[in-house]
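The values are calculated or read from the model by the stated rules, or taken from the named source; none is laboratory data. Being a predicted model, the structure only gives us computed values, none of them experimental. Glycine gets a Cβ as well: all are built from the backbone with ideal geometry, and neighbour counts include every protein chain shown.
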Amino acid sequence: MTKIFGHRGSAGTHPENTMISFQQAFCDGADGIELDVQLSKDGIPVVIHDEKVDRTTDGKGLVKDFTLKELKQLNAVYKFKKLYSHAEIPTLEEVLDWAARKQTLVNIELKNSIIPYSGMEEKVLELILKYDVENLVIFSSFNHFSIARLHTLSPSIEKAVLYMEGINKPWDYTKWVGAQGIHPYIKAATPTIIQRSKENGVPVRPFTVNDEKTMLRLFKAECAGFFTDYPKRAVLIKQ
Ligand code: G3P
Ligand code: CA
């Protein structure tokens, strides 16, 4: 059955990558959430998409130059100021604690393609063990060296390669990297790619799918899942 993942929570209607957005995706009926992880100056895994805080908070500068205490002082309500007065940047630990209690799926995207955060994989795996959420988590990254490193550290935890386009036979490639699934940009998720991947036992979860027509196509193809900014819309179509 096709799983619906709230992309950065319910990012189409709520402040992305905040607890508000994750709780909304859960209330909307999503099977899981997707989030982006980086490291603070003091090495804490925090949940934010861009390398800079500028777009989604009232601060300026690189995430890696802020301590956790400083990041917590920023307001991450982003463009939803009329709906909310304040939202914090969550730590990954806060989200995993919540996900463990809700038993909801979490796709953890390691944002380490531009800034190669040293030791990130170990720190995130440590939290997964602490909250006993190995069966709820799928790792992904555009940095396939990081996925290979995760495979060395934890062969059993589920992983997927993220990509925009241009991977030949991605169902073979992902196994070669040490992952199980593929998370392609939706335009690269052709019917052939979905079908051949299924035949090879490789789950496909495209991103980011916000229109109803494409959602329907993926449900009909029995795609493993997809990421959407509007999980409520996807849940309504699935019924
Ligand atoms: O994980 C799917 C998707 O989130 C990857 O792209 O830029 O939205 O993080 P982006
Ligand atoms: Ca992401």
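Scanning the stretch 99-141 for residues that are of a type in the set (V, I, T) and either on the phi > 0 side of the Ramachandran plot or within 16 Å of ligand 2 (Cβ to nearest atom) (or both) turns up V106, I108, I114, I115, V124, V137, I138.
Just to be sure, is D54 over 19 Å from the mean Cα position of the chain (by Cα), closer than 21 Å to E109 by Cβ, loosely packed, with under 15 Cβ neighbours inside 10 Å and away from ligand 2 (no atom under 16 Å from the Cβ)? Yes, satisfied. For the stretch 215-237, state whether one or more residues are within 20 Å of T104 (Cβ to Cβ), part of a helix (DSSP H, G or I), of a type in the set (K, R) and away from ligand 2 (no atom under 16 Å from the Cβ). Scanning the stretch 215-237 turns up at least one residue that is within 20 Å of T104 (Cβ to Cβ), part of a helix (DSSP H, G or I), of a type in the set (K, R) and away from ligand 2 (no atom under 16 Å from the Cβ).
Of everything listed in (1) among the hydrophobic types (A, V, I, L, M, F, W, C); (2) in contact (Cβ under 8 Å) with a residue 12 or more places away in the chain; (3) away from ligand 2 (no atom under 16 Å from the Cβ), the single unmet condition for I89 is (3).
Yes/no matrix, rows are residues, columns are (1) among the hydroxyl-bearing types (S, T, Y); (2) closer than 25 Å to E121 by Cβ; (3) modelled with pLDDT of 95 or more; (4) surrounded by fewer than 19 Cβ atoms within 10 Å (Cβ to Cβ):
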position	(1), (2), (3), (4)
L35	no, yes, yes, no
K41	no, yes, yes, yes
K60	no, no, yes, yes
K69	no, yes, yes, yes
K82	no, no, no, yes
T91	yes, yes, yes, no
L96	no, yes, yes, no
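When Q239, Q195 are checked against the criterion of being modelled with pLDDT under 95, of a type outside the set (F, W, Y) and surrounded by fewer than 17 Cβ atoms within 10 Å (Cβ to Cβ), Q239 stands alone in meeting it. Residues in the stretch 1-29 that are over 13 Å from the mean Cα position of the chain (by Cα), assigned to a loop (DSSP other than H, G, I, E, B) and away from ligand 1 (no atom under 13 Å from the Cβ): M1, T2, T13, H14, P15, G29. Scanning the stretch 197-221 for residues that are more than 13 Å from H7 (Cβ to Cβ) and basic (K, R) turns up K198, K213, R217, K220. Scanning the stretch 191-214 for residues that are over 15 Å from the mean Cα position of the chain (by Cα) and over 17 Å from A179 (Cα atoms), we see that the one that is nearest to ligand 2 (Cβ to nearest atom) is N210.
Residue-wise test of (1) under 29 Å from C27 (Cβ atoms); (2) surrounded by 20 or more Cβ atoms within 10 Å (Cβ to Cβ); (3) of a type in the set (F, W, Y); (4) within 16 Å of the chain's Cα centre (by Cα).
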residue	(1), (2), (3), (4)
V77	yes, yes, no, no
A99	yes, yes, no, yes
D132	yes, no, no, no
R149	no, no, no, no
M164	no, no, no, yes
